[in-house]
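The values are calculated or read from the model by the stated rules, or taken from the named source; none is laboratory data. Quick caveat: nothing in here was measured; it's all calculated off a predicted structure. Cβ coordinates were reconstructed from backbone atoms using ideal geometry, including for glycine residues, and neighbour counts include every protein chain displayed. Heavy atoms of the whole protein, side chains included, go into the accessibility calculation; ligands, DNA and RNA do not. Shrake-Rupley method; radii C 1.70, N 1.55, O 1.52, S 1.80 Å.
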Amino acid sequence: MEQNFLSRTYLETLSTADLISLADDYGIDIPDDLNRRFIIGELLEFADELANENKKDSDMEEGNSALEKISELPSTFNETQIGIVLRNLIWAFVYWDIKEADIKKLENSEKFKNLVLRVSYFESEEATVPEESFDIQISKQIREQYVMLNPGKKFVRIDLVACFEKNVTDNLAVSKKIALPEGSDLLGSALPGRDIDFDPVLELSGIKSVLKSHYETHRELFSN
């Protein structure tokens, strides 16, 4: 029942008996000797509560509708781009997209071989030539991947690169250079095969076991 129906003007036109009957229809307990002015007040209060409940339900439906629209975001925005988000000192989350026209162009090329993520490290943000780089082969179907970063580096940039025959490459998208947080020089030099003289307190933390486990799990990403 809408509040407009239970308006004071309408209720004033009803007899006391009709007001009591109306209150009974809505489950409102009215004492037999209650003044009609108070009966009308009870009905108006009920109408206000009902209107507020209807508004809450309407707002909830609108919110659910908005969430459904958000959940229906497309798997691709048909743009060729790449971005980086640092998870911690060691790992970066890389995400990219390739527009349909670029994918068709690569598929139609007889010389196309594969896609790679080219990870490049720079000494400064202004540097144009990387001091070190390596490639990670990726599938055309995936759009995200975690990349393990080398310790002791200052800036990183990751390019989405198409590789063709005869070592020909084409940078489809280039990320921004990301400044890397400075870590411990000691941990940066803790590569497999090196005997590191850790401080006794640090060694008690189990750092050697952590580094060994890290190498055994991700040894393909280490370089001597």
**Fill in**
Here the qualifying pairs (Cβ atoms under 7 Å; residues six or more apart or on different chains; first in segment 17-38 and under 20 Å from residue 49 (Cβ atoms); second open to solvent by 60 Å² or more (accessible area, probe 1.4 Å)) come out as 19/36; 23/42; 28/42; 30/20; 30/42
**Request:** Any residue in segment 120-137 that's over 13 Å from residue 177 (Cα atoms) and without any contact (Cβ under 8 Å) to a residue 24 or more places away in the chain: show its pairings with residues that are of a type in the set (Ser, Thr, Tyr) and surrounded by 15 or more Cβ atoms within 10 Å (Cβ to Cβ) at Cβ separation under 8 Å, as long as the two are six or more apart or on different chains.
**Result:** 131/121; 132/120; 132/121; 133/120; 133/121
**Request:** With the checklist (1) more than 18 Å from residue 90 (Cβ to Cβ); (2) at pLDDT below 75; (3) surrounded by 11 or more Cβ atoms within 10 Å (Cβ to Cβ) in hand, flag the one item residue 122 doesn't pass.
**Result:** (2)
**Prompt:** Restricting the search to segment 91-110, which residues are assigned to a loop (DSSP other than H, G, I, E, B) and either buried (at least 17 other Cβ atoms within 10 Å of the Cβ) or modelled with pLDDT of 95 or more (or both)?
**Reply:** 98
**Request:** For segment 145-164, enumerate the residues that are modelled with pLDDT under 95 and either within 22 Å of the chain's Cα centre (by Cα) or acidic (Asp, Glu) (or both).
**Result:** 145, 146, 147, 148, 149
**Item:** Looking only at segment 125-176, and only at residues there that are at negative phi and among the basic types (Lys, Arg), the one that is surrounded by the most Cβ atoms within 10 Å (Cβ to Cβ)
**Value:** 157
**Fill in**
Inside segment 176-203, the number of residues satisfying the requirement of being modelled with pLDDT of 65 or more and under 37 Å from the mean Cα position of the chain (by Cα) is 9
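Take residue 177 and decide whether it is of a type outside the set (Asp, Glu) and within 20 Å of residue 112 (Cβ to Cβ).
Details: of a type outside the set (Asp, Glu): yes; within 20 Å of residue 112 (Cβ to Cβ): no.
Here the answer is no, as residue 177 does not meet what is asked.
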